[in-house]
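*Asks:* The structure that follows is given in the form of structure tokens.
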Amino acid sequence: MCNFTYSDAGFALTKQFEGLRLTAYQDQVGVWTIGYGHTGGEVHGGMTITEDQADTLLHSDVAAAVTCVNRAVTSNIAQSQFDALVDFVFNLGCGSLLSSTLLRYINAGQFDLAAPQFLLWDHAGGVVVPGLLARRQAEMALFQSTTP
């Protein structure tokens, strides 16, 4: 188990791929969304927020991903690797990490085998999604940028 906090570089990565919308909109499946991908019962049509409010919501929303990674990873990792994993979990959910070969390789200390595993998570509906591929490539690059 590790005890990291999400760094500014990690937040920058998440912000880059989530994008910022200060007016609520309905996503592809009709869920009201605002800020950096924030959803919840309080989000509704016509709602607007400031960028500072969006940052606050993102910090709150990412907390579950931080907790998941801190609990799941048992090997010694670097901050950049933690940040890559938090973005992965924020986007895909804790269950995806927990059941992944990615996590198995990381906990075995096999970082060279773990890194390419990010790229296997670029599909939606059985089709490669360019935005997901770009996000996984960015996570993999961040993961590989430092080793413990």
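*Asks:* Find the helices (runs of 4 or more DSSP H) located wholly in the stretch 1-109 whose residues include 2 or more that are without any contact (Cβ under 8 Å) to a residue 24 or more places away in the chain, and list them. First the steps, then the outcome.
*Replies:* Working: elements: 8-18, 51-72, 79-92, 94-98, 101-107.
Counting at least 2 such residues, we get 8-18, 51-72, 101-107.
*Asks:* Scan 85, 92 and give me the residue that is among the hydrophobic types (A, V, I, L, M, F, W, C) and modelled with pLDDT under 95.
*Replies:* On inspection, the qualifying residue turns out to be 92.
*Asks:* So, in the stretch 110-137, how many residues would count as being aromatic (Phe, Trp, Tyr), touching a Lys or Arg at 6+ places or on another chain (Cβ under 6 Å) and outside any loop (DSSP other than H, G, I, E, B)?
*Replies:* Total meeting the criteria: 1.
*Asks:* A further question on this structure: Are any residues in the stretch 1-52 surrounded by fewer than 18 Cβ atoms within 10 Å (Cβ to Cβ), of a type in the set (Ser, Thr, Tyr) and closer than 16 Å to residue 139 by Cβ, and if so, which ones?
*Replies:* Answer for the stretch 1-52, where residues must be surrounded by fewer than 18 Cβ atoms within 10 Å (Cβ to Cβ), of a type in the set (Ser, Thr, Tyr) and closer than 16 Å to residue 139 by Cβ: just 7.
*Asks:* Would you call residue 90 among the aromatic types (Phe, Trp, Tyr) and touching a Cys at 6+ places or on another chain (Cβ under 7 Å)?
*Replies:* Here the answer is no, as residue 90 does not meet what is asked.
*Asks:* Any residue in the stretch 76-88 that is of a type in the set (Val, Ile, Thr) and over 8 Å from the mean Cα position of the chain (by Cα)?
*Replies:* yes
*Asks:* Is it the case that residue 62 is under 22 Å from residue 135 (Cβ atoms) and out of contact with any Ser or Thr (no Cβ under 7 Å at 6 or more places or on another chain)? Spell out how you get there, then give the answer.
*Replies:* On the way: under 22 Å from residue 135 (Cβ atoms): yes; out of contact with any Ser or Thr (no Cβ under 7 Å at 6 or more places or on another chain): no.
No, not satisfied.
*Asks:* From the set of residues in the stretch 53-62 that are under 29 Å from residue 100 (Cα atoms) and surrounded by 14 or more Cβ atoms within 10 Å (Cβ to Cβ), which is farthest from the chain's Cα centre (by Cα)?
*Replies:* 57
*Asks:* State the number of residues belonging to the stretch 43-60 that are more than 19 Å from residue 17 (Cβ to Cβ) and either at pLDDT below 95 or out of contact with any strand residue (DSSP E or B) (no Cβ under 9 Å at 6 or more places or on another chain) (or both).
*Replies:* 1
The values are calculated or read from the model by the stated rules, or taken from the named source; none is laboratory data. Values in this document were obtained by computation on a predicted structure and should not be read as measured data. For neighbour counting, all protein chains shown are included, and Cβ atoms are generated from backbone atoms with ideal geometry for every residue, glycine included.
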